[in-house]
Amino acid sequence: MNGPEVIHGGEAAPADEPDPVAGYPRRIICLTEETTETLYLLGEGSRIVGISGYTVRPPEARSKPKVSAFINAKFDKILALEPDLVFAFSDLQAGIASELIKRGVAVFTFNQRSVVEILQMIQTVARIVGAIDRGRALVRRLQAELDAVKASASRFSHRPRVFFEEWKDPLISGIRWVDELIELAGGETVFPDLRKYQSAKDRVVQPDAVIARDPEVILGSWCGVKVNKNFICSRPGWPAISAVRNRHVYEVKSTYILQPGPASLTEGLRQIHAILAHVLRIEPDERLRPDESIDPDVTLSKT
């Protein structure tokens, strides 16, 4: 199962109605990566006129003008592109959204935090561009993959305790969609109570609390920064943690898991599942193998 395929290629595809353009935005700016990837998977990549500088998926999107980071934007450049719609994400981009609205730009801000909400976001984007049927088809494919990973994980002898490290200092964990994907992939998160909090400041954990919960696996994904395993393993008291003692500390790149969109539900989920299967010395289902580079400490048989 090799991830969502583009339904009609990278350019705008025939929509599900007789007139594919009338009434739908033609010039869209995406301030985060997940809406960009969603539009490309829907075959509507040609509608995008500007992207976040952090965008890497899909690679062809990198040719679009880069108009923002995550919490700041180039307003004059955005206005010069004459967008008829801007997609933003969460309270962290509220300032950008507010300024654009003041300047007369239409802004749609998503705030998806769970797997279900990610699927809802995809369907909403599809509706906005008049690709309702293609949106439903994409969601069905993504749901089928989620179900396949869950079924594969049912073969595990037990569900390893997993600590997901979203940031290093302060320690942040418990982001909801990642917690849900860890559970689908066959693990048990050690701070499940944190997922109800949206703000990162409410999901800070103390290093001693991690020691007390003794995770068997540590997954690190530091936004925009390569995970330093030596830094993790050398924290005071952490050599006693099972994951550190048994060398089960791994990185999942942030582009695969920290954006709440298609990448998390496909490559991110597959990588987590493959890591947990490696820890348990089980070969993952061939259809669910990661498509992209995985932590080099994870051993997968050659295909």
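The values are calculated or read from the model by the stated rules, or taken from the named source; none is laboratory data. It should be emphasised that the depicted structure is a prediction, and the values quoted were computed from it without experimental measurement. Heads up, the Cβs are rebuilt from the backbone with ideal geometry, glycines too, and the neighbour counts pull from every protein chain shown.
Quick notes on this one:
- Search result, residues across the range 206-221 that are more than 21 Å from LEU92 (Cα to Cα) and part of a loop (DSSP other than H, G, I, E, B): GLN206, ASP214, PRO215, GLU216
- The range 209-246, subset surrounded by 13 or more Cβ atoms within 10 Å (Cβ to Cβ) and small (Gly, Ala, Ser), residue farthest from VAL279 (Cα to Cα): ALA209
Quick grid of which residues meet (1) over 16 Å from the mean Cα position of the chain (by Cα); (2) at pLDDT below 95; (3) more than 21 Å from LEU258 (Cβ to Cβ); (4) not in a strand (DSSP E or B):
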{"position": "ILE118", "(1), (2), (3), (4)": "no, no, no, yes"}
{"position": "ARG140", "(1), (2), (3), (4)": "yes, no, yes, yes"}
{"position": "GLU145", "(1), (2), (3), (4)": "no, no, no, yes"}
{"position": "ALA148", "(1), (2), (3), (4)": "yes, no, yes, yes"}
{"position": "ALA151", "(1), (2), (3), (4)": "yes, no, yes, yes"}
{"position": "ARG155", "(1), (2), (3), (4)": "yes, yes, yes, yes"}
{"position": "ARG159", "(1), (2), (3), (4)": "yes, no, yes, yes"}
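- Residues satisfying the stated conditions in the range 181-199, i.e. surrounded by 16 or more Cβ atoms within 10 Å (Cβ to Cβ) and acidic (Asp, Glu): GLU183, GLU188
- Look at (1) of a type in the set (Gly, Ala, Ser); (2) over 14 Å from the mean Cα position of the chain (by Cα); (3) at pLDDT below 95 and you find that SER254 fails only one, number (2).
- Restricting attention to the range 176-193, the residues that are in a helix (DSSP H, G or I) and under 18 Å from the mean Cα position of the chain (by Cα) total 10.
- Test: residue in the range 69-82 that is β-branched (Val, Ile, Thr), touching a residue at least 24 places away in the same chain (Cβ under 8 Å), surrounded by fewer than 22 Cβ atoms within 10 Å (Cβ to Cβ) and not assigned by TED's automatic domain parsing to the domain that holds GLY224: yes
- In the range 32-67, the residues that are part of a loop (DSSP other than H, G, I, E, B), crowded, with 23+ Cβ neighbours inside 10 Å and in contact with a strand residue (DSSP E or B) (Cβ under 9 Å, 6 or more places away or on another chain): THR32, GLU44, THR55
- Residues in the range 87-117 that are touching a helix residue (DSSP H, G or I) at 6+ places or on another chain (Cβ under 6 Å) and either within 22 Å of SER264 (Cα to Cα) or buried (at least 23 other Cβ atoms within 10 Å of the Cβ) (or both): PHE87, ALA88, THR109, PHE110, GLN112, ARG113, SER114, VAL115.
- If only residues of the range 247-264 that are part of a helix (DSSP H, G or I) and in contact with a Gly (Cβ under 7 Å, 6 or more places away or on another chain) are counted, the one that is surrounded by the fewest Cβ atoms within 10 Å (Cβ to Cβ) is SER254.
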